[in-house]
1. Working only within segment B:373-397, note down all residues that are part of a strand (DSSP E or B) and over 19 Å from residue B:350 (Cα atoms).
2. If a residue must be in contact (Cβ under 8 Å) with a residue 60 or more places away in the chain, open to solvent by less than 30 Å² (accessible area, probe 1.4 Å) and either assigned to a loop (DSSP other than H, G, I, E, B) or within 21 Å of residue B:223 (Cβ to Cβ) (or both), how many such residues does segment B:341-354 contain?
3. Has segment A:255-265 got at least one residue that is under 24 Å from the mean Cα position of the chain (by Cα), closer than 30 Å to residue A:170 by Cα, free of Cβ contacts under 8 Å to residues at least 12 places away in the same chain and open to solvent by 40 Å² or more (accessible area, probe 1.4 Å)?
4. So, in segment A:310-340, exactly how many residues are touching a residue at least 24 places away in the same chain (Cβ under 8 Å) and under 13 Å from the mean Cα position of the chain (by Cα)?
5. Restricted to segment A:62-115, and to residues that are more than 14 Å from every other protein chain (Cβ to nearest Cβ), in a loop (DSSP other than H, G, I, E, B) and free of Cβ contacts under 8 Å to residues at least 60 places away in the same chain, which residue is surrounded by the most Cβ atoms within 10 Å (Cβ to Cβ)?
6. For segment B:355-372, give me each residue that is hydroxyl-bearing (Ser, Thr, Tyr) and either part of a strand (DSSP E or B) or open to solvent by 20 Å² or more (accessible area, probe 1.4 Å) (or both).
7. I want to confirm something. Restricting to segment A:186-195 and keeping residues that are in contact (Cβ under 8 Å) with a residue 12 or more places away in the chain and surrounded by fewer than 22 Cβ atoms within 10 Å (Cβ to Cβ), which single residue is nearest to residue A:253 (Cα to Cα)?
8. For a quick check of your reading of the model, give me the residue pairs whose first member lies in segment A:7-23 and is in a helix (DSSP H, G or I) and aliphatic (A, V, I, L, M), whose second is at pLDDT 95 or above and open to solvent by less than 60 Å² (accessible area, probe 1.4 Å), with beta-carbon atoms closer than 8 Å and at least 6 apart or on different chains.
Number of protein chains: 2
Amino acid sequence: MPAAPDILPFSAAEYARRLTLTRAAMAEAGIDVLFVEDPSNMAWLTGYDGWSFYVHQGVLVFHDHDPIWWGRNQDANGAVRTVWMPDERVIGYADNFVQSTERHPMQDLARIIHETGHGNARIGVEMENYYFSAKAYVTMLQELPGAQFVDATALVNWQRGVKSDEEIAFMRRAARIAEKVVDGVIERVEPGLRKNDLVAEIYGDIIRGDGADCWGDYPSIVPLLPSGTDASAPHLTWNGDTFKKGEATFFELAGCYRRYHVPVCRTVFLGDPPDHIRRAEAALLEGLEAGLEAARPGRRACDIANALAEPLERAGIERGARCGYPIGLSYPPDWGERTVSLRAEDQTELKPGMTFHFMPGLWMNDWGLEITESILIRDHGPAETFCNRPRRLHVKA
Amino acid sequence: MPAAPDILPFSAAEYARRLTLTRAAMAEAGIDVLFVEDPSNMAWLTGYDGWSFYVHQGVLVFHDHDPIWWGRNQDANGAVRTVWMPDERVIGYADNFVQSTERHPMQDLARIIHETGHGNARIGVEMENYYFSAKAYVTMLQELPGAQFVDATALVNWQRGVKSDEEIAFMRRAARIAEKVVDGVIERVEPGLRKNDLVAEIYGDIIRGDGADCWGDYPSIVPLLPSGTDASAPHLTWNGDTFKKGEATFFELAGCYRRYHVPVCRTVFLGDPPDHIRRAEAALLEGLEAGLEAARPGRRACDIANALAEPLERAGIERGARCGYPIGLSYPPDWGERTVSLRAEDQTELKPGMTFHFMPGLWMNDWGLEITESILIRDHGPAETFCNRPRRLHVKA
């Protein structure tokens, strides 16, 4: 089955497992053909890897034939090198469809759907996805008037939730990288160091990886490291300012191995932390410990969130945000899987092999604190943390 | 006007210029309210900067009031720190709208549109955009049954085409970084070096930048550096393989200063290049020279493409792809502006201040060659190249 076994990250059996799961979910939803534009889902199903998701591309999944990779002509060269399907299942479209004001790539896709005899089929599309635009949808409606469209948002993402042993092995490699990155940050950060100079070192650790077989891939989110009052904002990146004494900086980072992510966040205080940050740290660590205890097979996503909330509420901290999400294979702009959310209203049952970033960031009015763990739901007992690094506020004088 | 002058990258007059241009384009298209979800357009209009575009957010542009920044509650903290509008024009939505299976953030946006008295207005939306999903569109249709929707794809992008002096100054800084990055690659690449180890150094140069005020920002595309037969595929990233003697590797890279990009590509051959690559190099350099000559105010986008094509065709090379796109402010997944394409069918008139990545990559059956220039259309004469580095195949023995 694999056409390029030296490049494919996973075994043929693993790709077969994924296809079987996806087809079963399609059948349950009454979908004849599934069009997958999410690059993470494309990679998970076929092995495709490349930074080409800024143009329309996708994978067509059928019940009775191998999937078709479809994309820009020039990217078909990358597809034949990375997917397990035979070359004839890779189809490119002409370059003048790209960012054209006159034509849309979905016209070409619709032609293929017609030609494969699915012009009147029930077609699943990922309605809520970065890469399936409103225009793509409207164009498909116009070009396939006989088809029925079914919202297949996250249909494949949900199949990705429980990780195989092969996937967990990749995440353990990502975790080794993440640990190295955190160690490097804590060692290097000091007053007067410019933020961008530290980010340069962070990227060095991320991408060098951890040994010959464990080369580092790019994480789907860049390092985030706001300080002081800016740490009230979770998604600021960096600039050329220096780290300052008397400020907390949180570091939101990840190791990535062949697109599999293990994020981890730690906070460093330069100087003597004020009481309110020490109190928040104590409550947060208690909440993390309680959440890890609750993260057992048979329990629910909300149980983790509720376990975390209790000590935080006692300390007078109201977060008002979810405290985690599933992780694994991902492409920008997010390293989450966009299925489960660790929050009070989410009743999803936890199963062995599920992996989450347990991420109870505190973004308060004029300070912030992030201490997080990437976790694996085990067969029994509380969750395992992928990284093994001191879970506390790091204080440097 | 600026609420945070120490953080805003541009003058109040520059933001006023941008708003005036956008409102004029809205009026011409009969748009009462414009909803802008493209993060590059959000930043260009308001100054907003943060890696929060993986959830729904946007800017509402009105004819008679300051824009509204709208996004996730926790990201409102970042917005008040980065936009020029007063804090009351920053509106957050509750966290349980995020990646929910029960509710959609556009329900919250529709409420705001109603409350500002625009429930029956003509609303412009970016139908073809990474961040405005099919589901977002369908939800807006449902929630605002009295409104008329107008496709405002790239309406703001087109206003960004001619750069101000302030913007060109940023791009010159990005160019200094890009030159440093290219120099580092050519100096370091050698047989036996692992690709990811070189990428670690590349990121170091990108992010350290070039001096105290010129810190490096993250480019919107990661470094691309396929070798040998893999160089036939334009968008492969890296792995832990080593560079090998007898192979060409192209390096697609950029410098980035405060989200403004200057891409540049060079190719390195380790060893003695075969004749077909030497012939391609000669034709490509002639084509680049001809394209730069054609890139004058009053000429058209297609003139650059046609000038390039002539020597390539003489050498028997058919590219079949556009040879460039506008550049400037950008967020992932693309550093292009997605308006003009340098290709035979594009009649866009070239104007002083326009900036392009003139990018005639050759991706052939079993090899690839990239030698490119980022260019500025001047008031008179041929285009200026932002970078000043030898334009040729680099050969290392």
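1. Within segment B:373-397, B:394, B:395, B:396 qualify.
2. 1
3. No, every residue in segment A:255-265 fails to be under 24 Å from the mean Cα position of the chain (by Cα), closer than 30 Å to residue A:170 by Cα, free of Cβ contacts under 8 Å to residues at least 12 places away in the same chain and open to solvent by 40 Å² or more (accessible area, probe 1.4 Å).
4. Adding up the residues that qualify gives 16.
5. In this case the residue turns out to be A:67.
6. Listed by number, the list holds a single entry, B:355.
7. A:186
8. Qualifying pairs under 8 Å: A:12/A:84; A:19/A:45; A:19/A:61; A:19/A:67; A:21/A:159.
The values are calculated or read from the model by the stated rules, or taken from the named source; none is laboratory data. Since this is a predicted model, take the numbers as computed values, not measurements. Counting neighbours? That spans all protein chains shown, and the Cβs are built from the backbone with ideal geometry, glycine included. Side chains are part of the model used for accessible areas, which takes the heavy atoms of the whole protein and leaves out ligands, DNA and RNA. Shrake-Rupley method; radii C 1.70, N 1.55, O 1.52, S 1.80 Å.
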